[in-house]
Each structure stands twice: as C-alpha cells, then as structure tokens.
Amino acid sequence: TLRLLVAMWKGPHRAAWLESLPVAGLEGTLERRFNVPTKRGIIRAKTGTLRGVTGLSGYVIAGDGRALAFSAFANNY
C-alpha cells in the first residue's frame, strides 16, 4: 500500500489521484473523522473494510509542510 501511495505521489497523475481521496473532516467516508479544527483538511485518505479488517491509507501534511504517506490496518475489528 505504501509503495502505491509513494508512486502515485511522485507520478504524473498526482492531482487526479489526490482528488479521488476524501478530505478528512469534510468529505465522503472521512467527513466525520478527524473533524477537529487542527486536523480538518490536512489528511486525504481512503477507508477500507473486509470481514473483520478495517483500514485507512493516505497522506497527512506535517507541520513543516511535508506530505507523509501512511497506511494502518486492524484485524478482528
């Protein structure tokens, strides 16, 4: 997952890719997540679920302006 996120960030279709990811606190599956002033809008990510597994992968803008890719999964959720 992280390899894909990094490749898309560095690739020629970054803008379209980012546009496909909901913005935390504002859109889609992230509308009610990270909905506090300090987090709203700095995360673009996609949720995912399978039976007993949940995940969240995307990007967060760090305090110094760098974009960081992340991916987290939880089993038996």
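The values are calculated or read from the model by the stated rules, or taken from the named source; none is laboratory data. Nothing here was measured: the structure is a model prediction, and the numbers come from that model. Cβ: placed from backbone, ideal geometry, glycine included. Neighbour counts: every protein chain shown. Accessible surface areas use protein heavy atoms only, side chains included; no ligands, DNA or RNA. Shrake-Rupley method; radii C 1.70, N 1.55, O 1.52, S 1.80 Å.
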> For Gly58, all conditions in the list (1) within 9 Å of the chain's Cα centre (by Cα); (2) open to solvent by 90 Å² or more (accessible area, probe 1.4 Å) hold save one; what is the number of the exception?
Replying inline: (2)
> Out of the range 1-25, which residues are of a type outside the set (Ser, Thr, Tyr), surrounded by 12 or more Cβ atoms within 10 Å (Cβ to Cβ) and over 20 Å from Gly65 (Cα atoms)?
Replying inline: Leu4
> Counting just the residues of the range 31-53 that are outside any loop (DSSP other than H, G, I, E, B) and closer than 23 Å to Trp9 by Cα, which one comes out most open to solvent (accessible area, probe 1.4 Å)?
Replying inline: Lys46
> Taking Thr29, is it of a type outside the set (A, V, I, L, M), modelled with pLDDT under 95 and touching a helix residue (DSSP H, G or I) at 6+ places or on another chain (Cβ under 8 Å)?
Replying inline: no
>> With the requirement that a residue be within 12 Å of the chain's Cα centre (by Cα) and part of a loop (DSSP other than H, G, I, E, B), what does the range 1-30 give you?
In response: Thr1, Ser20, Leu21, Pro22, Ala24, Gly25, Glu27
>> Looking at Leu68 and the list (1) over 11 Å from Leu5 (Cβ atoms); (2) surrounded by fewer than 16 Cβ atoms within 10 Å (Cβ to Cβ), which single condition is not satisfied?
In response: (1)
> Quick one: is Thr54 hydroxyl-bearing (Ser, Thr, Tyr) and in contact with a strand residue (DSSP E or B) (Cβ under 9 Å, 6 or more places away or on another chain)?
Replying inline: yes
